[in-house]
Amino acid sequence: MAEPKLRVLMVSDFFFPNFGGVENHIYYLSQCLLKLGHKVVVMTHAYGNRTGVRYMTGGLKVYYVPWRPFAMQNTFPTVYGTLPIVRTILIRERITVVHGHQAFSTLCHEALMHARTMGYRVVFTDHSLYGFADVGSIHMNKVLQFSLADIDQAICVSHTSKENTVLRSGLPPAKVFMIPNAVDTAMFRPADVRPSADVVITIVVISRLVYRKGADLLVEVIPEVCRLYPNVRFVVGGDGPKHVRLEEMREKHSLQDRVEMLGAVPHSRVRSVLVTGHIFLNSSLTEAFCIAILEAASCGLLTVSTRVGGVPEVLPDDMVVLAEPDPDDMVRAIEKAISILPSINPEEMHNRMKKLYSWQDVAKRTEIVYDRALKCSNRNLLERLSRFLSCGAWAGKVFCMVMIIDYLLWRLLQLLQPDDDIEEAPDINFLH
């Protein structure tokens, strides 16, 4: 069996069986890296009774470590509690690059910290945008500044996201690469027979029904569009705290026959829901990229979206109608989309998406980032501490203490269980 080119450990709290943009990104990127000849291992927390080691398509090995989610699918921050298991996985799998995903992920931050302590090359991908003014963002930005102070390279999914990450973390822009998400165009393809828009126009919404995704905007936009266009109906897929508000809106305006609430939609069924519609509506208040827009465009739907974050970078102007996150402006955007709907060719749109976005291209560009990370010099403890000191008058000293303790705990583990005593896992060859 040929030796893998690189051995990559993907780390995040967000992975299958949970569904979302980060989960899809890690899965598809891992599959493409496997096909390029690398070994890829994923580390995430336990989901229900899914613990231990599992294998997915193509031989993707997943460690579901026995940590339970604490809040919003995140594990409880232990700082040092994950050090023994992270060290064991790194040695067992002979990892060369550790790749963390999502600034929300506690497991990601802890794994990156331990990996740098042990001298591994680390890469971080940021999938979200954050503010600078509210208490939560200030706290999160300080954690990010600590976590990224000592990484080798970073990746963002849009130019807006890159600017946001550089400002929040203080990373040199030359260390941050922009690699967009992609879409599986083989899975998301138009319907063989497109539903006619002459009688009924269907607008599809598939999103988590939470404040950040603009569910409150939908409550105001849907009744007004239904009032203006008697031939328009809505299909809403997704679940969340705002589901009740949408149900109340439907009852208040007697729209039960024109607004269909599907609840949570498994990712395997997303395409079958999308192809029933003509327009895809995205009402997010903040978005670094938005894979849902790519999936809708690949299925041949015209997109109406709020002009926020990295969304304007995602699609060409003739494939999307942008609006400010304001109900009146969104209604006007939907009116414009309905007027240009007859000129939309789903097959042509799908073929353009094939050329624009590809997970194979994402994997090849990520390979380049890994190569850059491997060429970075390996700094000793004192050199690393000087970087943490620059994080703030008080915070810098606290960060240094955290790293010194982590280093001492690592050395203690080496004494109690030397690296040679940890058995290396054999490589299993799966045919692609």
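Go ahead and estimate [θ] at 222 nm for the chain from helices alone: -39,500 (n - 2.57) per DSSP H run with n ≥ 4, summed, over the residue count, rounded to 500.
-12500 deg cm²/dmol
Give me the angle, in degrees from 0 to 90, between the Cα long axis of helix 395-416 and the longest principal axis of the Cα atoms of the chain, rounded to the nearest 10.
Tilt of helix 395-416: around 60 degrees.
Could you please state how large a percent of the accessible area of the chain is carbon and sulfur, counting protein chains only and using a 1.4 Å probe?
That fraction is 58 percent.
Based on a Kirkwood Rh over C-alpha pairs, give the Stokes-Einstein translational diffusion coefficient of the chain at 37 °C and viscosity 0.692 mPa s in µm²/s.
Values: Rh = 23.1 Å.
The calculation lands on 142 µm²/s.
Accessible area per residue for the chain in Å², computed with a 1.4 Å probe and the full protein assembly in place, what is it? Before the final figure, lay out each step's value.
Values: 18730 Å² over 432 residues.
So the chain comes to 43 Å² accessible per residue, rounded to a whole number.
Starting from the 7 Å offset along Cα-to-Cβ, what nm value, one decimal, do you get for the label separation of M56 and E247?
3.2 nm
Please report the relative contact order for the chain, taking Cα pairs under 8 Å with a sequence separation of at least 6, and give it as a percent rounded to a whole number.
Here the relative contact order equals 16 percent.
Straight-line reach from K252: which aspartates and glutamates have Cα under 19 Å away, leaving out those fewer than 8 places along the same chain?
The reachable aspartates and glutamates, counting only those whose Cα sits under 19 Å from K252, are D216, E220, E224, E260.
Give me the percent of DSSP beta bridges within the chain that run antiparallel, rounded to the nearest 5. The partial results should precede the final answer.
Details: 8 of 54 bridges.
Counting only bridges with both partners in the chain, antiparallel ones make up about 15 percent.
Using θ = phi - 60° and the Karplus relation 6.51 cos²θ - 1.76 cosθ + 1.60, list the HN-Hα couplings for region 54-65 in order, rounded to whole Hz, with x at every Gly or Pro.
Karplus values, whole Hz, x for Gly and Pro: 10, 10, 10, 3, x, x, 6, 8, 10, 9, 8, 6.
Extension gain T78-M261, at 0.36 nm per residue separation less the Cα-Cα distance, in nm?
Gain on extension, T78 to M261, equals 61.9 nm.
With each label point set 7 Å from Cα along the Cα-Cβ vector, what nm distance links C376 and A133?
Reported label-point gap for C376 and A133 is 3.3 nm.
Given the Cα-Cα distance of I368 and K336 and 0.36 nm per residue of separation, how much length would full extension add, in nm?
In short, 7.4 nm is gained.
Could you work out the relative contact order of region 201-357? I mean the mean sequence separation of Cα pairs under 8 Å and 6+ apart, divided by the number of residues, in percent.
24 percent
Ignoring ligands, DNA and RNA, how do K39, K142, K375 rank by accessible area with a 1.4 Å probe, largest first?
Highest to lowest solvent-accessible surface, that is K375, K142, K39.
The values are calculated or read from the model by the stated rules, or taken from the named source; none is laboratory data. Quantities reported herein were computed from a predicted structural model and do not represent experimental measurements. Positions of Cβ are backbone-derived with ideal geometry, glycine not excepted, and every protein chain shown enters the neighbour counts. With ligands, DNA and RNA removed, areas are computed over all heavy atoms of the protein, side chains included. Shrake-Rupley method; radii C 1.70, N 1.55, O 1.52, S 1.80 Å.
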